[in-house]
Amino acid sequence: MPFDSVLIMGCGNMAGAMLEGWLAGGHPADRFTVVTPTRESVPGDVELLRDVPPGRHFDAVLLGFKPHMLGRIAPGLQAVGGEGTSVLSVLAGVELQSLRRHFPQAGAVVRVMPNLACALGKSPVALAEQGMDEGARDALVKFLDPLGTCEWVGEDRFDLVTALAGSGPAFVYRFIDALGAAAQRLGLPEEQAARLAVAMTEGAAALAAQSDHAPGKLADMVASPGGVTRKGLDVLDQDEALTQLVTRTLRAARDRSAEMSREARD
C-alpha cells in the first residue's frame, strides 16, 4: 500500500509538526494536501485548500482536528475516505472502533500518537491499526519513519502510551523548568539557570539515546559513592519519591485518556 497522496484534514499543532517532519525527512511537498479553514499558510509548497476536493483519491487521510469535531467532519470525508484509503488519526481518545464506525468503507483505520518532536524526527510514534496486512503495516512505518521511532502497541495499552509518549514531553519540560527554578532559588541568575538546565538536559538525553547502558545505570555511573551527585540522588531515591511522583503523573494522564475514549463512544 503506497502513501503517495495524503490529505491532511485540519492542521493544528500536531498535524503541522508531522507535516514539517515529513518535509524535512525528504517526502515531497506534492504528496500532501492540507484542508483547513483557519491557517493562512502551511510549510513548504504544500497545497492548501479550504474544502475537501471533490472527485480526488487519496491513499491516506490524516485526521488532525479536535476530537469533538469528528462527528461533524467525518460525513464530508466519506468520498475520500473509502475503499483503499487508510484513515490515520491523531485524535486523542478516539478508538479504532469509533474510527471504523465513522469510516466504514475505509481500507484501514489507524491510531497514530506522536509528539511535537516529530517536526525534528525525534518522536516516538505509537501505532494501533485495524484492517492492515503485514505489507501495509511495513509501508506505513516507512512513511512515518521521518517522524521518529514507530512502535506498534495493543490498543488496550494506548491510553498509557499516550500518557508516556504523547504527554511525556510536557512532563520533561516541567522537570527542566523545575531544575532551572531550583538553581535560581539557590543563587544563580534566572536566565543562566534556564540555559544550563536546557543544555544539560539536551546532552543527557542525547547520551541516553546512544548509550548501551540503561538510564538508571548511567545515573549510577555519574554518581560516585559519597560524592556530590549521590547526595542529590539520595533525595530522589528516598522512598522511591521520584518514581512514585511520576507514576501518579502517568496514571492521571492515562486515566484522562481513557475517560476521553469513553466520552467518544457516546
Open item on the list: Whether any residue in segment 224-242 is touching a helix residue (DSSP H, G or I) at 6+ places or on another chain (Cβ under 6 Å), among the charged types (D, E, K, R), more than 30 Å from Asp138 (Cβ to Cβ) and without any contact (Cβ under 8 Å) to a residue 40 or more places away in the chain is what I want to check.
Closed with: no
Open item on the list: So Thr229 ticks every box in (1) among the hydroxyl-bearing types (Ser, Thr, Tyr); (2) at pLDDT 95 or above; (3) within 30 Å of Leu91 (Cα to Cα) but one. Which box is left unticked?
Closed with: (3)
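Among the listed residues Val80, Val112, which satisfies the condition of being at pLDDT below 95 and either in contact with a helix residue (DSSP H, G or I) (Cβ under 7 Å, 6 or more places away or on another chain) or open to solvent by less than 10 Å² (accessible area, probe 1.4 Å) (or both)? Full working, then the answer.
On the way: Val112 fails: at pLDDT below 95.
Going through Val80, Val112 in turn, just one is at pLDDT below 95 and either in contact with a helix residue (DSSP H, G or I) (Cβ under 7 Å, 6 or more places away or on another chain) or open to solvent by less than 10 Å² (accessible area, probe 1.4 Å) (or both): Val80.
Residue-by-condition table, conditions (1) open to solvent by 60 Å² or more (accessible area, probe 1.4 Å); (2) modelled with pLDDT under 95; (3) hydroxyl-bearing (Ser, Thr, Tyr); (4) in a helix (DSSP H, G or I):
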{"residue": "Ala183", "(1), (2), (3), (4)": "no, no, no, yes"}
{"residue": "Ala197", "(1), (2), (3), (4)": "no, no, no, yes"}
{"residue": "His213", "(1), (2), (3), (4)": "yes, no, no, no"}
{"residue": "Leu245", "(1), (2), (3), (4)": "yes, no, no, yes"}
{"residue": "Ser261", "(1), (2), (3), (4)": "no, yes, yes, yes"}
Open item on the list: With the requirement that a residue be exposed (fewer than 13 other Cβ atoms within 10 Å of the Cβ) and polar (S, T, N, Q), what does segment 247-259 give you?
Closed with: Thr247
TODO: Could you check how many residues of segment 152-174 are touching a residue at least 12 places away in the same chain (Cβ under 8 Å), farther than 18 Å from Cys118 by Cα and not in a loop (DSSP other than H, G, I, E, B)?
DONE: 4
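Hey, among Glu95, Glu134, which residue is in contact with a helix residue (DSSP H, G or I) (Cβ under 7 Å, 6 or more places away or on another chain) and of a type in the set (Asp, Glu)?
Glu95
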Open item on the list: Condition first: more than 30 Å from Glu259 (Cα to Cα) and part of a strand (DSSP E or B). Can you find one or more residues in segment 49-62 that meet it?
Closed with: yes
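The rows are residues; the columns are (1) out of contact with any Pro (no Cβ under 7 Å at 6 or more places or on another chain); (2) crowded, with 20+ Cβ neighbours inside 10 Å.
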residue: Leu91; (1), (2): no, yes
residue: Phe103; (1), (2): yes, yes
residue: Ala108; (1), (2): yes, yes
residue: Cys118; (1), (2): yes, yes
residue: Lys122; (1), (2): yes, no
residue: Arg137; (1), (2): yes, no
residue: Pro169; (1), (2): yes, no
residue: Val172; (1), (2): yes, no
residue: Ala178; (1), (2): yes, no
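One line per residue, one yes/no per condition, for (1) buried (at least 18 other Cβ atoms within 10 Å of the Cβ); (2) modelled with pLDDT of 95 or more; (3) under 19 Å from Val141 (Cβ atoms):
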position	(1), (2), (3)
Gly12	no, no, no
Trp22	yes, yes, yes
Thr33	yes, yes, no
Thr38	no, no, no
Leu48	no, no, no
Gly55	no, no, no
Pro67	yes, no, no
Val87	yes, yes, yes
- [ ] Provide a single number: the residues in segment 1-48 that are of a type outside the set (A, V, I, L, M, F, W, C), in a loop (DSSP other than H, G, I, E, B) and more than 15 Å from Val90 (Cβ to Cβ).
- [x] 15
TODO: Please work out which one of (1) open to solvent by less than 30 Å² (accessible area, probe 1.4 Å); (2) of a type in the set (Ser, Thr, Tyr); (3) assigned to a strand (DSSP E or B) is the condition Thr149 fails and give its number.
DONE: (1)
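The values are calculated or read from the model by the stated rules, or taken from the named source; none is laboratory data. These numbers come from a predicted model, not from an experiment. Every residue, glycine among them, receives a Cβ derived from its backbone with ideal geometry; neighbour counts consider all protein chains shown. Note: areas computed on protein heavy atoms with side chains; ligands, DNA, RNA excluded. Shrake-Rupley method; radii C 1.70, N 1.55, O 1.52, S 1.80 Å.
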